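Asker: Handing you this structure, nothing more for now.
The values are calculated or read from the model by the stated rules, or taken from the named source; none is laboratory data. Since we're looking at a predicted model, the values are computed, not measured. Don't worry about glycine lacking a Cβ; one is built from the backbone with ideal geometry, like all the others, and counts go over all protein chains shown. Just so you know, the surface numbers come from the protein's heavy atoms only, side chains and all, with ligands and any DNA or RNA stripped out. Shrake-Rupley method; radii C 1.70, N 1.55, O 1.52, S 1.80 Å.
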Amino acid sequence: MTRIVALSGGVGGAKLALGLSRVVARHELMVVANTADDFEHLGLHISPDLDTVMYTLSGKSNQEMGWGREGESWAFLESLEEVGGETWFRLGDRDLAIHVERTQHLRAGESLSAVTRHLCDRLGADIDLVPMTDDAVRTIVETAGGDLAFQHYFVRDRCEPEVSGFRFEGIDAATASPGFLEALASDDLEAVVVCPSNPFVSVDPILALAGVREALKQAAAPVVAVSPIVAGLALKGPAAKMMRELDIPATALAVAGHYAARGLVDGFVVDETDRTLAPEVEKLGVQVLVAQTVMESLADRESLAGEVVAFASQIRADR
């Protein structure tokens, strides 16, 4: 029985997903991860957001770097650099093993959902983690200098090019992963949580899948989004920079407006430093929770997750 469905990108989303996994029973939580930033590199299928969530939920994430696996070593990358190979995308030895295993299973005809279940089981991530789709969707970042594959923009070019828009190649032919839409339609569902992930390149690809927006609008459970922007800054990643370049104010209010304009959220969570924005968010027809959204410790993750679940319950009771 799925009580909570969480939509997640990478680091920020994974933090809240971990908190949610500790305040509700793990078998009652489904985490749907963005896969539009997946790509093929060195002949391997890389799933950055899926892996970030999986490593976080299995207790194997690299706390120092904020991405990748704990106890990482770099012998492969050092050897690759020695012979002149591409090393702009940092593949640690432990991380590399995951990509090799995933790629082998995919080439054998297994779905990304099935491979993800296999990897989660082996790593001890006892949770229903699913890719948003089993089909190939790829985020393209449109810039003044030309179109860039997302990882080229994000990692290779360090988010330096000025963005003018985004598109998701393959989205029209993609379908939501097995169980995703069914969970949104379940009478047992108590909340849909949009984690504090980049709204444009982490959450929008999930929402762009056929049937997802309609399912969210029709869901009996409230949809609650947590702002990834705090005091005008993105705690992780280029969201604030992207917003400024798109002539969108880099504020929590603008993020709330991005979701509310499409009728997709019932509640929105802003950080304590942005409490003055709460009345403006409420004018969008969205209920507001002011909370500490900066998650530096495990206690912070659990606290925010508990507040979000309680907030969703309050919205549901007020209906």
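Asker: Gln218 to Lys283: extension gain in nm, 0.36 nm per residue of separation minus the Cα-Cα distance?
Answerer: Separation in residues times 0.36 nm, less the Cα-Cα distance, equals 21.2 nm.
Asker: Rounded, prolate or oblate: which fits region 66-179 when a ≥ b ≥ c are the square roots of the eigenvalues of the alpha-carbon gyration tensor, with rounded for a/c under 1.5 and prolate only if a/b beats b/c?
Answerer: oblate
Asker: Classify region 133-237 as rounded, prolate or oblate from the Cα gyration tensor: take a ≥ b ≥ c as the square roots of its eigenvalues, call it rounded if a/c is under 1.5, otherwise prolate when a/b beats b/c and oblate if not.
Answerer: Oblate.
Asker: Working with all protein chains in place, sort Thr273, Thr293 by solvent-accessible area computed with a 1.4 Å probe, largest first.
Answerer: So the residues, ranked largest to smallest area, are Thr273, Thr293.
Asker: Helix-derived [θ] at 222 nm for the chain: sum -39500 (n - 2.57) over DSSP H runs of at least 4, divide by residue count, nearest 500?
Answerer: After summing the helix terms and dividing by residue count, I get -10500 deg cm²/dmol.
Asker: Please identify, among Val288, Val223, Val212, the residue showing maximal mean-square fluctuation in a Gaussian network model of the chain using a 10 angstrom Cα cutoff.
Answerer: It is Val212.
Asker: So what's the angle, to the nearest 10 degrees on a 0 to 90 scale, between helix 48-57 and the longest Cα principal axis of the chain?
Answerer: 70 degrees
Asker: Grab the beta carbon distance between His118 and Lys241, set R0 = 30 Å, and tell me the FRET efficiency rounded to 0.05.
Answerer: FRET efficiency, His118 to Lys241: 0.25.
Asker: Additional query: State the answer as a single residue: which of Val192, Ala176, Phe166 lies farthest towards the positive end of the charge dipole of region 158-205, with beta carbon charges of +1 for Lys and Arg and -1 for Asp and Glu, about the Cα centre.
Answerer: Going by the Cα projections, it comes out as Phe166.
Asker: Accessible area of the chain with a 1.4 Å probe: how many percent of it is carbon plus sulfur?
Answerer: Percent of accessible area from carbon and sulfur atoms in the chain: 48.
Asker: If you don't mind, another one. How much length is gained on full extension from Ser164 to Glu70, taking 0.36 nm per residue of separation minus their Cα-Cα distance?
Answerer: Roughly 30.2 nm would be gained on extension.
Asker: For Ala210 and Leu42, what does the FRET efficiency come to when R0 = 25 Å and r is the distance between their Cβ atoms, rounded to the nearest 0.05?
Answerer: Approximately 0.20, to the nearest 0.05.
Asker: Still on this structure: Given a 1.4 angstrom probe, what's the average accessible area per residue across the chain, in square angstrom?
Answerer: Computed with neighbouring chains in place, this is 42 Å² per residue.
Asker: For the full complex of protein chains and a 1.4 angstrom probe, list Asp187, Asp271 by accessible area with the highest value first.
Answerer: Of Asp187, Asp271, the descending order of accessible area is Asp187, Asp271.
Asker: Let me ask something else. Rounded to the nearest 5, what is the percent of antiparallel bridges among the DSSP beta bridges in the chain?
Answerer: Restricted to the chain, the bridges split so that about 40 percent are antiparallel.
Asker: Is the C-alpha gyration tensor of the chain telling us rounded, prolate or oblate? Criteria: a/c under 1.5 is rounded; beyond that, a/b larger than b/c is prolate, otherwise oblate.
Answerer: Because a/c hits 1.5 or more and a/b exceeds b/c, the chain counts as prolate.
Asker: Given points 7 Å out from each Cα along the Cα-Cβ axis, report the Val83 to Glu296 separation in nanometres with one decimal.
Answerer: Each label point lies 7 Å from its Cα, and together they span 4.5 nm.
Asker: Could you calculate the FRET efficiency of Ser313 with Ile248 from 1/(1 + (r/R0)^6), where r is the beta carbon distance between them and R0 is 35 Å, rounded to 0.05?
Answerer: With R0 = 35 Å, the Cβ-Cβ based efficiency is 0.65.
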